[in-house]
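For reference, the structure is listed below as C-alpha cells.
The values are calculated or read from the model by the stated rules, or taken from the named source; none is laboratory data. Just so it is clear, the structure is predicted and the values come from calculations on it, not from any experiment. Quick reminder, even Gly has a Cβ in these numbers, built from the backbone with ideal geometry, and neighbours come from all protein chains shown.
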Amino acid sequence: MNTDQIQDYLTELSEQYVREKPSSRNEEIEETRKLLTKTEEKTRYILFFIKCNYIDVDLVQPIVAQILALYYRAGAFRQYTLQYIPSFIEYYLVASSKKQYKSVSVFETFFLAIYNEEILEPTPSNPYAKKIEEVRIPSIRFPSIYHDPSKLNTVPEITTLKAGNSPTVQSTVRLGPYPTMERLNAENKFLILSRIMRSVNSSLAFLSSDVVGWSICHTSIAVCLSGFSVPESDLRVNVRPSNTPSQVIDDYSKKARIMVSSQLLLEFVSGVYLALYNGSPDMALELWMHSIKGPNMNSSPMYYWTKQSDGSS
C-alpha cells in the first residue's frame, strides 16, 4: 500500500461504519471491539508505513490528518485513533532528537488536537467543562493483596484521614482540570504527552492488544535503550518456555538518548504491565530484560531515567 491507497482505505473505513449512535454502553463496546479486531492488520501496516516515511512530510501528513478526522467522529473511531498514539510518540521523540523539525510539526498538531479534546468532559450546561480525575492513595496500615502491614515497620502517615473517608484510603488526589494548550513547546510537551498516554491506558481494555500492546512496548524500548549498551538478562528464559521465539530488537546503543519526564515514563510502564499479560508478553519481557538489569542495577537505563527525572546526579 502506498499513501494514496492508505488514504482510500481510511476514507472507506469512515464511510463503512456510518451508523446511528449505539443504544447502550454494551452495544458501543461490542461495536468498538469488532472494528478494532477487523482493522488490526491494516493498522499495524499504517504504523509501519509512517515509521519508514515520517521524514517525508508530504507522504505522512495527509494520513495523520485523516486519522485525526476519524477521532472527531467519536465512538469506536476514538478508540481506533488512540491506538496510534504510543507509536506516534516514539516517532515524535526520535524526530526531535534528530532535529527533524518538519516531521515534528506533523505530530505536534496531532497531539495538541487530541489533548485539548481529552481534557474536556462536557455537561448539558457547559460543553467546555474540564475533566477532573480522582486517584485514591491507599493506606499501608491496612492489609491488601500486595502486602501484610504486620511485617512492615510503618511510620506515621503524613496525610490525616478525613472524616467520612474509607479507613483503607489515606487520601484522594485530584488530577485536573488541565489547561488548554495552543502550542506544544519544551515547557509543556511532556504534560501533553503524559495526558494523552493516560487516555490510552484508560482505554486499554477496549483496544486491540496486538496493536497497542506492541506499540507501547516498542516505544518504551526505544525510550529506555537509546544511547545505552546493556547485556540481556536471563529473565525471559526463566519466565517463558525455551522454544518460544524471541523478538528481534534493534541496536539502540549508538542512537541519541531520548529525554522523557517521570510522568510519561510512568504511563509507559503502566501500558507495558498490561501488555505483559494481554497480547504482547515477549515484547514486554524484552524491555524488562534490557532496561531493568544492566551490568548492575545502578547502571540500567530505567535507573538512569528515574534519577534524571528526580533531578539526582
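Summary table
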{"item": "Residue pairs meeting the criteria (Cβ under 9 Å; at least 6 apart or on separate chains; first within 22 Å of Glu121 (Cα to Cα), in the stretch 165-184; second part of a loop (DSSP other than H, G, I, E, B) and modelled with pLDDT under 80)", "result": "Thr172/Lys162; Thr172/Asn165"}
{"item": "Number of the exception - Lys51 against (1) over 19 Å from the mean Cα position of the chain (by Cα); (2) surrounded by fewer than 19 Cβ atoms within 10 Å (Cβ to Cβ); (3) within 25 Å of Arg183 (Cα to Cα)", "result": "(1)"}
{"item": "Within the stretch 108-131, considering residues that are of a type in the set (D, E, K, R) and within 12 Å of Arg195 (Cα to Cα), the one surrounded by the most Cβ atoms within 10 Å (Cβ to Cβ)", "result": "Glu118"}
{"item": "Unique match (being outside the structural domain of Ser215 (by TED's automatic domain parsing), touching a Leu at 6+ places or on another chain (Cβ under 6 Å), on the phi < 0 side of the Ramachandran plot and not hydroxyl-bearing (Ser, Thr, Tyr)) among Gln66, Gln61, Gln16, Gln7", "result": "Gln66"}
{"item": "Any hit, the stretch 25-48, residues being surrounded by fewer than 16 Cβ atoms within 10 Å (Cβ to Cβ), of a type in the set (Asp, Glu), assigned by TED's automatic domain parsing to the domain that holds Gln100 and over 28 Å from Ala205 (Cβ atoms)", "result": "no"}
{"item": "Scan of the stretch 1-29 for residues that are among the β-branched types (Val, Ile, Thr) and either modelled with pLDDT of 90 or more or closer than 15 Å to Arg44 by Cα (or both), ordered by number", "result": "Thr3, Ile6, Thr11"}
{"item": "Extreme residue, surrounded by the fewest Cβ atoms within 10 Å (Cβ to Cβ), among residues of the stretch 79-91 that are part of a helix (DSSP H, G or I) and touching a Leu at 6+ places or on another chain (Cβ under 8 Å)", "result": "Thr81"}
{"item": "Members of the stretch 195-214 that are surrounded by 21 or more Cβ atoms within 10 Å (Cβ to Cβ), closer than 16 Å to Phe48 by Cβ and out of contact with any Ser or Thr (no Cβ under 7 Å at 6 or more places or on another chain)", "result": "Val212"}
{"item": "Residues that are touching a residue at least 12 places away in the same chain (Cβ under 8 Å) and assigned to a loop (DSSP other than H, G, I, E, B), drawn from the stretch 53-71", "result": "Tyr54, Ile55"}
